[in-house]
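All remarks here apply to the structure that follows.
What follows draws every value from the coordinates through simple rules; no lab data is involved. Fair warning: this is a prediction, and the values are worked out from it, not measured in the lab. Note: ideal-geometry Cβ built from the backbone for every residue, glycine included; neighbour counts use all protein chains shown.
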Amino acid sequence: MASPKSMRKDAQMMAQILKDMGITEYEPRVINQMLEFAFRYVTTILDDAKIYSSHAKKATVDADDVRLAIQCRADQSFPRYFLLDMARQRNQTPLPLIKPYSGPGLPPDRYCLTAPNYRLKSLQKKASTSAGRITISRLSVGSVTSRPSTPTLGTPTPQTMSVSTKVGTPMSLTGQRFTVQMPTSQSPAVKASIPATSAVQNVLINPSLIGSKNILITTNMVSSQNTANESSNALKRKREDDDDDDDDDDDFDNL
Amino acid sequence: MYEEYYSGLKHFIECSLDCHRAELSQLFYPLFVHMYLELVYNQHENEAKSFFEKFHGDQECYYQDDLRVLSSLTKKEHMKGNETMLDFRTSKFVLRISRDSYQLLKRHLQEKQNNQIWNIVQEHLYIDIFDGMPRSKQQIDAMVGSLAGEAKREANKSKVFFGLLKEPEIEVPLDDEDEEGENEEGKPKKKKPKKDSIGSKSKKQDPNAPPQNRIPLPELKDSDKLDKIMNMKETTKRVRLGPDCLPSICFYTFLNAYQGLTAVDVTDDSSLIAGGFADSTVRVWSVTPKKLRSVKQASDLSLIDKESDDVLERIMDEKTASELKILYGHSGPVYGASFSPDRNYLLSSSEDGTVRLWSLQTFTCLVGYKGHNYPVWDTQFSPYGYYFVSGGHDRVARLWATDHYQPLRIFAGHLADVNCTRFHPNSNYVATGSADRTVRLWDVLNGNCVRIFTGHKGPIHSLTFSPNGRFLATGATDGRVLLWDIGHGLMVGELKGHTDTVCSLRFSRDGEILASGSMDNTVRLWDAIKAFEDLETDDFTTATGHINLPENSQELLLGTYMTKSTPVVHLHFTRRNLVLAAGAYSPQ
């Protein structure tokens, strides 16, 4: 450990606090982390206090403002009697009976993460001037085989459509590929999900859904593509509310 | 003022008879803390400081950590933020004192000048009086340590069904017996269902076992029946362990985890290992040569023949075979992981306050259960599936079912974080270990706390039930492993040996050996049969809670196995009684 003389005043103070609290063994980086935390916390509180004091039309920030700021920011957990009360209420209802043969036991679909979180926009006249495209390859996947099935031009051609309907072809040996149109051409194979322009839909890609899908997203999609994707989403779900085309819950049109 | 009261009391207790002194000394700590908090709350900062200075050295050594935290609480505002301290102030500290000692104390305190202390005692302490011999210091030291004192005797009096549920009868059809060539000799006989030795003995209901339908449990599916048959076959090959036949230990070391490994679980048949990490990922590895595959896409699934026998193989997509699958979804370190008994699901609990259910067939996240708004430290599936329990920083444990988005039961009562949650083998009870140094046993049916076990001197980090359901072993940061008899609600053993937090415990499959893994980089094996035999369970013990623990840790220790600077985070006995241990290599 560095000798106290070479440490800054505040670092010395932090080391002293650690010693007072009985912590004798710690990595040297801990002091820096604690200092950073202290700085962040104090500045947050003081910022809040400034807001409160200006709200009260005071000239300066005083102790009361700081006190109020601390109180509002504190992790207010429920007091014990509240928890006990809530528990008593909840524990009074009898345990629900289990229906046999009810498939994978999951809560109603609204509470699950199994729904598609994108919606494909229907085919429309190509108005935007998208020139380039970004090909985003899957993270853990090897080479991105580029086959002619990936349209690299923005023009909707029947050729594009017919090829892109082949979901699940060996083209995606390595898995899934996302194609996102960008108005300006940028370097290919950027490994990040770039926010979409208005020309392209559904770019909030839920990583947990990536694993099982084989999705080609381009605006040139036809509804056949749509159904193929949607059906693959409903892998393990009950089919009652399976009207995926009308699924408005997860509409991430505008990002 | 308080200083005088305290000194007066101290003087009185020190002058009392030896036999009473130990019991009356229990008063020091709670009175000290309550008086100090009172002074701080009423904003007498200087008095509080001098009070603390004068008397904090007198307290027992195992309260030193608490006192250090107290020393930093010097203003009323500090107290407001600390839920644990507020609860401590409002709840009563429980002390168990014999009637004689109590009379002595009462007589002294009701003298005119000591009225104030008597008021304080009545306000903040609950004195549980028992008839009988006063306890010795050793006996008291074994039982105290928790944040709220000991447990009232009546808290541990209710009946607990600690027996196991009956195994369902499964007939072993002839087709499945393809490997057992030796004892067949081609005789097409119909074998009687191989029940476990426990079940076959008693046709009648075990009085200590809960009724089968006390809580609704999922029915056995065909795949479960197949699993059970496999289990029974493995059981026949199981090695019987004992002091002269110790298990081999296979250690799975996580390399390059950079202190990020925060949770581990192994499936019951030891085929998969899941690791939860500080980078919010959950990784699943296959331990056997069989790789992990995910289910095919829907378009391909429609093409396979659903009637074929190996349909479960055909739905798997060979192209996705790999040894490792990474599950992304959490937004904070993953502190708890649990496989479902049918190996279809994995649960993970994280600092982001959610518990996530992952499918092990598609390796995607299915549900996020939100309820705790604070880090969830542990989660576990019930031994029969369907239910799971989670415990976190909000001081409660919650019981969930996979098909309900809200918890079914809330187990509230702990004063500090719930660090560890475990189901009883019969799935009717849940044990929780907390940072308030108590272990509580909760009834799933109605959410009541049926047992409170005190005695640990530090936050509890590991719990395990014995396979026969009668005993509970707990490990804490004080390095001790304590053994508890659930039926009687008493401590029956103390295993000393570890020098650091005991973070994993597991009984062998038949309960002969208890394995404990610790942050001191060792695995220790203890003789469980010997620890539990010759239990004194006469009426006196149960009535008064006096325990006499033998100092036999050395005899019970069967072996100490050192790892190379790898804390042992998880222990698992395979069905054949091989020990699997897991930890992350953290070089100093």
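Laid out as a table, the results:
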{"item": "Under the Karplus curve 6.51 cos²θ - 1.76 cosθ + 1.60, θ = phi - 60°, whole-Hz ³J(HN,Hα) for region B:485-501, x wherever Gly or Pro sits", "result": "8, 6, x, 8, x, 10, 7, 10, x, 9, 10, 9, x, 6, 10, 8, 3"}
{"item": "Rule-of-thumb Rg ratio for region B:1-150 [Cα; 2.2 N^0.38 Å; N residues]", "result": "1.01"}
{"item": "Difference of contour (0.36 nm per residue) and Cα-Cα distance, residue A:64 to residue A:26", "result": "10.1 nm"}
{"item": "Within 10 Å of each Cβ in B:76-83, the average number of Cβ atoms from other chains", "result": "3"}
{"item": "Estimated FRET transfer efficiency (residue B:331, residue A:42; beta-carbon r; R0 25 Å; 0.05)", "result": "0.45"}
{"item": "Residue order, fewest to most beta carbons within 10 Å, for B:442, B:526", "result": "B:526, B:442"}
{"item": "Point-to-point label distance, residue B:309-residue A:101, nm (Cα→Cβ direction, 7 Å offset)", "result": "2.5 nm"}
{"item": "Spin-label proximity, residue B:49 to region A:15-41 - amide N less than 18 Å from point 7 Å beyond Cα toward beta carbon", "result": "A:16-18, A:20-21"}
{"item": "Region A:103-121 residues near the modelled residue B:344 label - backbone nitrogen below 11 Å, point 7 Å along Cα→Cβ", "result": "A:103-106"}
{"item": "Burial ranking of peptide ranges B:486-494, B:62-70, A:27-35, B:421-429 (average Cβ count within 10 Å, highest at the top)", "result": "B:421-429, B:486-494, B:62-70, A:27-35"}
{"item": "Per-residue Cβ neighbour rank within 10 angstrom, fewest leading, B:288, B:454, B:574", "result": "B:288, B:574, B:454"}
{"item": "Added length on full extension, which subtracts the Cα-Cα distance from 0.36 nm per residue, residue B:157 to residue B:552", "result": "139.4 nm"}
{"item": "Average beta-carbon neighbours from other chains, 10 Å sphere, peptide A:97-104", "result": "4"}
{"item": "Signed unit charges on C-beta, dipole axis of region B:1-150, positive-most listed residue B:25, B:64, B:42", "result": "B:42"}
{"item": "Computed lengthening from residue B:468 to residue B:564, 0.36 nm per intervening residue step minus Cα-Cα distance", "result": "31.2 nm"}
{"item": "Residues of region B:133-153 with amide N under 13 Å of a point placed 7 Å along Cα→Cβ from residue B:99", "result": "B:133-134"}
{"item": "Residue B:82 paired with residue B:239, simple spin-label distance in nm, labels 7 Å along Cα-to-beta-carbon", "result": "5.0 nm"}
{"item": "Protection proxy ranking of B:348-356, B:330-338, B:16-24 - average other beta-carbon atoms within 10 Å, highest first", "result": "B:348-356, B:330-338, B:16-24"}
{"item": "Pairwise centroid distance, computed over Cα atoms, of region A:73-109 with region B:378-452, Å", "result": "11 Å"}
{"item": "Amide hydrogen neighbours beyond the local backbone of residue B:345, cut-off 5 Å, H modeled", "result": "B:340, B:360"}
{"item": "Exposure proxy order (Cβ contacts within 10 Å, fewest to most) of B:365, B:245", "result": "B:245, B:365"}
